[in-house]
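Enquirer: One structure, pasted below without further comment.
Readers should treat all values here as calculations from the given coordinates under stated rules, not as data from a laboratory. Just so it is clear, the model here is predicted, and its values are computed rather than measured. Positions of Cβ are backbone-derived with ideal geometry, glycine not excepted, and every protein chain shown enters the neighbour counts.
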Amino acid sequence: MSDKKNDTENIPNDHPRAESLKVRLNIIDGLKNLIVTEAGLIAHGRGEAFDYLIGEKTNKNAIIAMETAVKAILTAKHPVISINGNVAALCPKDLVKLSEVTGAQLEINLFYGKPGRIKAITEALENTISLEEFCGTWQTRPPRDRYEVQFKRWLIDHLARTTRVMHNSGANHRDYYLIHFLLRRGYDQNHNLLPEKSRLFLIDLHRMQLRKRTPYRWRVKDVAGLYFSSMDVNLSRRDLYRFMTVYTGKPLRVTLTEDARFWNDVRKRGLRVYRAEIGRRKPALARTPDQQAA
């Protein structure tokens with residue numbers, strides 16, 4: 001990793017294009033750290049050339065566009081700020097602040113996939129971690145004290161509610177795994193995790209589908225994706241039941257009866273994906289809820 005701070009400090013402040021050169025170095029540093037792709041570097045160069053032609057000034061049309069974007073964020077019922085690699089490389093802290101001020105969700109939108117890129121952008125967004133990484137520690141060290149247990153329950157409730165709202169709105173994600181949830185952790189003065197100070201973001205929304213009603217098979221696929229990606233994070237039977245009741249909004253006995261086909265299809269698809277991706281060893285959550293209760 002290059003020393004971004006030292007690189008930009010070598011540019012004299014009185015240089016006529018000092019700001020532009022600093023931005024260029026940050027983009028280059030982002031490329032080296034997997035945040036920016038080669039295509040992103042080219043796109044920035046194209047924009048930099050156009051910016052140079054118009055005198056490197058914010059013109060009237062740009063101001064109108066920014067005001068329109070702000071109005072859209074503030075008036076939307078469920079605003080989402082989409083982040084690409086270039087933006088994440090240039091102003092990650094500002095994006096987090098904007099999310100906090102406006103209440104908008106942050107969504108990482110990657111057109112060019114590359115191993116390690118989601119993790120790189122996640123780390124660039126201050127104090128965020130993917131749920132896959134966060135929950136992965138539960139395999140060897142499950143939540144123990146009351147703060148950790150409370151936080152786990154909050155996460156399960158949040159995931160279930162998010163899934164329910166998404167599906168009830170006619171949407172489905174298509175890549176609905178723990179790795180596509182970003183967690184920004186909040187703590188009290190004793191460094192205990194607090195739900196009320198934490199936020200959860202669903203990312204990679206570019207493949208989402210929206211209809212008047214979410215088809216059955218896509219609801220199964222989304223929930224099975226969560227099931228598959230949580231099989232090795234040491235969840236308990238009660239954790240699984242908790243998700244089921246919050247997602248359906250029904251008492252446990254009711255959803256086990258009325259939605260038996262749905263949960264069985266979720267189980268079968270989750271196991272099929274697990275065996276294809278991980279192998280044929282038996283995962284921690286391989287049985288249906290009624291089998292677990294037996």
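Enquirer: Treat each spin label as a single point 7 Å out from the Cα along the C-beta direction, and report the Glu67 to Phe50 distance in nm.
Expert: 2.1 nm
Enquirer: Tell me the label-point distance for the pair Asp14, His78, using the 7 Å Cα-to-Cβ offset, in nm and rounded to one decimal.
Expert: 5.5 nm
Enquirer: Subtract the Cα-Cα distance of Arg238 and Asn59 from 0.36 nm times their separation in residues, and report this length gain in nm to one decimal.
Expert: Numbers: separation 179, 0.36 × 179 = 64.44 nm, distance 5.75 nm.
Stretched out fully, the Arg238 to Asn59 stretch lengthens by 58.7 nm.
Enquirer: Continuing with this model, one more query. Considering lysine pairs in the range 4-108 that are 8 or more places apart or on different chains, how many have Cα atoms under 29 Å apart?
Expert: Lysine pairs, 8 or more places apart or on different chains, close enough: 29.
Enquirer: Another question, then. As an exercise, identify the trypsin sites (Lys or Arg not before Pro) in the range 210-246 lying in DSSP coil whose Cβ has no more than 14 other Cβ atoms within 10 Å. Let's see the in-between values first.
Expert: Numbers: sites: Arg211, Lys212, Arg213, Arg217, Arg219, Lys221, Arg237, Arg238, Arg242; in loops: Arg211, Lys212, Arg213.
Counting only loop positions with at most 14 other Cβ atoms within 10 Å, the trypsin sites (Lys or Arg not before Pro) in the range 210-246 are Arg211, Lys212, Arg213.
Enquirer: For the range 4-108, go through all pairs of different Cα atoms, get the mean of 1/r, take its inverse, and jot down that Kirkwood value in Å.
Expert: On the way: mean 1/r = 0.0649 Å⁻¹.
For the range 4-108, the Kirkwood estimate is 15.4 Å.
Enquirer: Given a Förster radius of 30 Å and the C-beta distance between Arg253 and His206 as r, what FRET efficiency does 1/(1 + (r/R0)^6) yield to the nearest 0.05?
Expert: Values: r = 39 Å, r/R0 = 1.30.
For Arg253 and His206, the calculated efficiency is 0.15.
Enquirer: Run the quick spin-label model on Asp157 and Ala260: label points 7 Å from Cα toward the beta carbon, then report their separation in nm to one decimal.
Expert: Reported label-point gap for Asp157 and Ala260 is 3.1 nm.
Enquirer: Determine by what factor the alpha-carbon radius of gyration of the range 141-294 differs from 2.2 N^0.38 Å, reporting the quotient. Write out the running numbers ahead of the final one.
Expert: Details: Rg = 15.7 Å, N = 154, 2.2 N^0.38 = 14.9 Å.
Against the empirical 2.2 N^0.38 Å value, I get 1.05 for the range 141-294.
Enquirer: What are the principal axis extents of the Cα atoms in the range 139-194, in Å, biggest first?
Expert: Computed over the Cα atoms, the extents are 41, 24, 16 Å.
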